[in-house]
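Undergrad: Mind looking over this structure? Questions follow.
The values are calculated or read from the model by the stated rules, or taken from the named source; none is laboratory data. Here the structure is a predicted model, which is why all the values come from computation and not from measurement. Backbone-built Cβ (ideal geometry, glycine too); neighbour counts: all protein chains shown. Just so you know, the surface numbers come from the protein's heavy atoms only, side chains and all, with ligands and any DNA or RNA stripped out. Shrake-Rupley method; radii C 1.70, N 1.55, O 1.52, S 1.80 Å.
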Amino acid sequence: MLKLVVCIKQVPMVSELPWDPATGTIQRDLAEGMMNPACRSALDAALRIKEAAGGEITAITMGPPMAEEILREAIALGADRGVLLTDRKMAGADTSVTSHTLARAIEKACPGFDLILCGFSTIDSETAQVGPQLAEELDIPGVAYVNELEISGRTVRMQRFTDNFLETLEMDLPGLVTVTTGRYAPRHVPLGGLQAAFAGADIVSLDAAAVGLDPERIGAKGSATKIRNVYSPTAGKKNIVLTGAPKRIVEQLFERFDDKIGGAIGRDLKTERK
Amino acid sequence: MTAKKRGIWVFGDYRNYFQNRVTLQLLSRAKELAVKINAEVCAVVFGYKTDEWKGDVLSYNPTFCGVVGEYIAHGADKVYLADHPRLAAYSMETYTLLMERLVKREKPEIILIGATAFGREFAPRVAKRLGTGLTADCIGLDINEEGLLVQMAPSFGGNLVAEIVTLERRPQMATVRPGTFQEIPHDYVRTGEVVKVPLPKTLPADRVRLVRSEHHPQREQKLEDAKVVVCGGRGLGSKKKFAKLFELAELLGGEVGATRPVVYADWADHDALVGQAGKHVRPQILFSFGISGAIQHTAACNDAKFIIAVNKNPNAAMMKRADVAIVADASQICTTLIQELKRRIR
Ligand SMILES: Cc1cc2nc3c(=O)[nH]c(=O)nc-3n(C[C@H](O)[C@H](O)[C@H](O)COP(=O)(O)OP(=O)(O)OC[C@H]3O[C@@H](n4cnc5c(N)ncnc54)[C@H](O)[C@@H]3O)c2cc1C
Ligand SMILES: Cc1cc2nc3c(=O)[nH]c(=O)nc-3n(C[C@H](O)[C@H](O)[C@H](O)COP(=O)(O)OP(=O)(O)OC[C@H]3O[C@@H](n4cnc5c(N)ncnc54)[C@H](O)[C@@H]3O)c2cc1C
């Protein structure tokens, strides 16, 4: 039976304006958490493998205690168990430290895993670095930006379209893939899923000590990169506001920007002076 | 004795030279940064028969040819070159191993890698092996007063930018979004130093096997590559009114994009979806009609150079990020624009 591990991250569900445009800081309290979309695709890919060939899926996340929500959601969708890595000492990790933490926890909680599935990227910090670095940490083969995968025996066959190359690749298990949002679509919680998620869901919570992590090598302390400043590039953007009758607005638009629009479309839009 | 000059390295990603000039753009920025920390600019080239490779069609360099010649002509002072049949196809594990060894030997100060799909998978692996930091998909780079590389990384779909530094570990590494910097024109009389990099005696086979690879250089990406994009949202009110956008787009030689509710309502095809779940556009001019500006949509239009938004609500997020915010009925403005363009384009 295949042992599948899906790495999932909770990200703020942002639709309108979760950041304060004046200060450029995120108003975390306004943003609800959700499972990162590409992590959902990774989970969907794992569920399809399980449905076709059988298997056991462990969903794992590092985050604040409330990240347990997405583990329950994963279980509702069909994952067998959840692992929550939560510890204040883990906060502020860069991607290298995140992958270190995940790698040690996976070795601890899912020894003998066959395939690790990550999302290709998150929608909050968007680095797309954790998957490749996790493969390095575990010293297993890994392929990023996978659109489709298929397992036969101990071989994974993958397809991806990157940098204008349509590639078919193969690797032997154990291995790691990062999955794009193209092919694998998020699913809805099935009937009975919710019950599975709440009645006796198999979720373990581990802190740094339980995983056996060196406190010097995790969290902000262990991270090589430091965020010095965060700002909103659109805050205080000076824009031109046009109001009034449509005819007048369009005239003004051309009076001021005929060069710009004309330049983009390669035409002279100036009218002769009357 | 003078100390060895510090190096700013640029990884030579040349597979899609004509579509993607990110390496040349990085060489140009590296030259500017090099002045500030008194460093030399080095390109790193891995491949096979890279000397037979043709860059700019008119290129002619009497001394340096192929990829090396291109990079010297575009600003590299030195090129590290590993040329070997094993390197014919980009291979993740082999390239990572070579880079790791080379960096450990030469100890550059900074490494810049284009944020192509390859670069974004390769760079994190190299950084991990070197135990250093890496900033992803930067949209700006500078040197601060402490002499550190300040790396500007977009997050939340470009709605936030984080300034990131790597304090102690070296090299300082970043992947950089294509189009962020301007390449400098080639100069085929420039000369530079070429350092041959030998392969290690034993080189393990890649654990990932390339079964098939097809290059699709001209894959049509109409919406993604359009110079003008006309995007419509729910505020247009009806399928009929949305359809007017096609007429406008045609006059402008552009393409039509749509938000998710519009696609769900079947006013437009799924192919036209712009956003996190759809396409990423980077036009010179983006027209946005009746769109609120949810992050799942705007994340995919942040690279638009100039945004003209029409919305009844002056406080809509889309209006805040527009260069020109038109407070009016979207459909009326669309119709009036069509009339005016017809008058002006003859
Ligand atoms: C604004 C901002 C910018 C940042 N920029 C950088 C940067 O340039 N370089 C850097 O090193 N760090 C950066 N960080 C830190 C980074 O957010 C963390 O390291 C984070 O834990 C992982 O990065 P990511 O979300 O970008 O992951 P990605 O690499 O984009 O995530 C890909 C996949 O990895 C898995 N994964 C990621 N995080 C977790 C998790 N916590 N639990 C389980 N699985 C996970 C998921 O499968 C996910 O789909 C930044 C943080 C912020 C707030
Ligand atoms: C996981 C996820 C992924 C998503 N992916 C995408 C995606 O890829 N692409 C995408 O677009 N969305 C996506 N969405 C949806 C997104 O959050 C927004 O709901 C959507 O972009 C809103 O579309 P809209 O602006 O057309 O509609 P609305 O938000 O309803 O906005 C309509 C706007 O029109 C204005 N208006 C109304 N009447 C008029 C009028 N007569 N004249 C002028 N203006 C008028 C209103 O003031 C309003 O600002 C996603 C959401 C989620 C949760």
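Undergrad: Which residue pairs have Cβ atoms under 8 Å apart, sit 6 or more places apart or on different chains, and have a first residue in region A:125-139 that is under 16 Å from B:Thr132 (Cα atoms) and at pLDDT 95 or above and a second that is in a loop (DSSP other than H, G, I, E, B) and hydroxyl-bearing (Ser, Thr, Tyr)?
TA: Here the result reads A:Thr127/A:Ser121, each pair linking region A:125-139 to a residue that is in a loop (DSSP other than H, G, I, E, B) and hydroxyl-bearing (Ser, Thr, Tyr).
Undergrad: Filter region A:88-99 for residues that are in a helix (DSSP H, G or I) and not polar (S, T, N, Q); which is most open to solvent (accessible area, probe 1.4 Å)?
TA: Restricting to residues being in a helix (DSSP H, G or I) and not polar (S, T, N, Q), the top hit is A:Arg88.
Undergrad: Any idea how many residues of region B:256-282 are within 20 Å of the chain's Cα centre (by Cα), over 23 Å from B:Pro314 (Cα atoms) and either more than 9 Å from ligand 2 (Cβ to nearest atom) or away from every other protein chain (no Cβ under 12 Å) (or both)?
TA: Adding up the residues that qualify gives 3.
Undergrad: Another question, then. Based on what the data block shows, is B:Glu145 part of a loop (DSSP other than H, G, I, E, B) and open to solvent by 20 Å² or more (accessible area, probe 1.4 Å)?
TA: Taking the combined requirement at face value, the residue satisfies it.
Undergrad: Any residue in region B:239-247 that is within 16 Å of ligand 1 (Cβ to nearest atom) and on the phi < 0 side of the Ramachandran plot?
TA: Checked against the condition, which is being within 16 Å of ligand 1 (Cβ to nearest atom) and on the phi < 0 side of the Ramachandran plot, region B:239-247 yields no hits at all.
Undergrad: Here is a follow-up. Could you please let me know if A:Leu102 is within 16 Å of ligand 2 (Cβ to nearest atom), under 22 Å from A:Glu137 (Cβ atoms), at pLDDT 95 or above and in a helix (DSSP H, G or I)?
TA: So A:Leu102 fails the test.
Undergrad: Also, I was wondering about something else. Select from region B:318-334 the residues that are within 12 Å of ligand 2 (Cβ to nearest atom), open to solvent by 30 Å² or more (accessible area, probe 1.4 Å) and closer than 19 Å to B:Leu252 by Cα and list them in ascending order.
TA: Matches in region B:318-334: B:Gln332 only.
Undergrad: Of everything in region B:307-334, what is touching an Asp or Glu at 6+ places or on another chain (Cβ under 9 Å) and within 8 Å of chain A (Cβ to nearest Cβ)? Give them in sequence order.
TA: Listed by number, the residues that qualify are B:Ile308, B:Ala317.
Undergrad: Okay, moving on. Against the definition (touching a strand residue (DSSP E or B) at 6+ places or on another chain (Cβ under 9 Å), at pLDDT below 95, exposed (fewer than 14 other Cβ atoms within 10 Å of the Cβ) and not small (Gly, Ala, Ser)), how does A:Asn164 come out, yes or no?
TA: No; evaluated as a whole, the condition is false for this residue.
Undergrad: List the helices (runs of 4 or more DSSP H) inside region A:198-274, counting only whole elements, that have at least 3 residues being aliphatic (A, V, I, L, M), facing another protein chain (nearest Cβ under 9 Å) and open to solvent by less than 70 Å² (accessible area, probe 1.4 Å).
TA: Fully inside region A:198-274 and qualifying: A:246-265.
Undergrad: Quick one: in region A:1-44, of everything that is more than 16 Å from ligand 2 (Cβ to nearest atom) and modelled with pLDDT of 95 or more, which residue is nearest to the chain's Cα centre (by Cα)?
TA: So the residue we want is A:Cys7.
Undergrad: Also, quick follow-up: Considering only strands (runs of 3 or more DSSP E) fully contained in region A:126-193, which possess at least 2 residues that are at the interface with chain B (Cβ under 10 Å from one of its Cβ atoms)?
TA: A:142-146, A:155-162, A:165-172, A:175-179
Undergrad: Hey, any hits in region B:175-197 for a residue that's in contact (Cβ under 8 Å) with a residue 12 or more places away in the chain, more than 30 Å from A:Glu170 (Cβ to Cβ), open to solvent by less than 10 Å² (accessible area, probe 1.4 Å) and more than 7 Å from chain A (Cβ to nearest Cβ)?
TA: yes
Undergrad: A follow-up question, please. Condition test on B:Tyr71, is it within 19 Å of the chain's Cα centre (by Cα) and open to solvent by 20 Å² or more (accessible area, probe 1.4 Å)?
TA: no
Undergrad: Just checking, which of B:Ala304, B:Ala300 is more than 7 Å from every other protein chain (Cβ to nearest Cβ), farther than 14 Å from B:Gly290 by Cβ, open to solvent by less than 10 Å² (accessible area, probe 1.4 Å) and small (Gly, Ala, Ser)?
TA: Exactly one residue qualifies, and that residue is B:Ala300.
Undergrad: Could you grab me the full set of residues in region B:335-346 that are β-branched (Val, Ile, Thr) and either without any contact (Cβ under 8 Å) to a residue 24 or more places away in the chain or more than 7 Å from every other protein chain (Cβ to nearest Cβ) (or both)?
TA: Correct list: B:Thr335, B:Thr336, B:Ile338.
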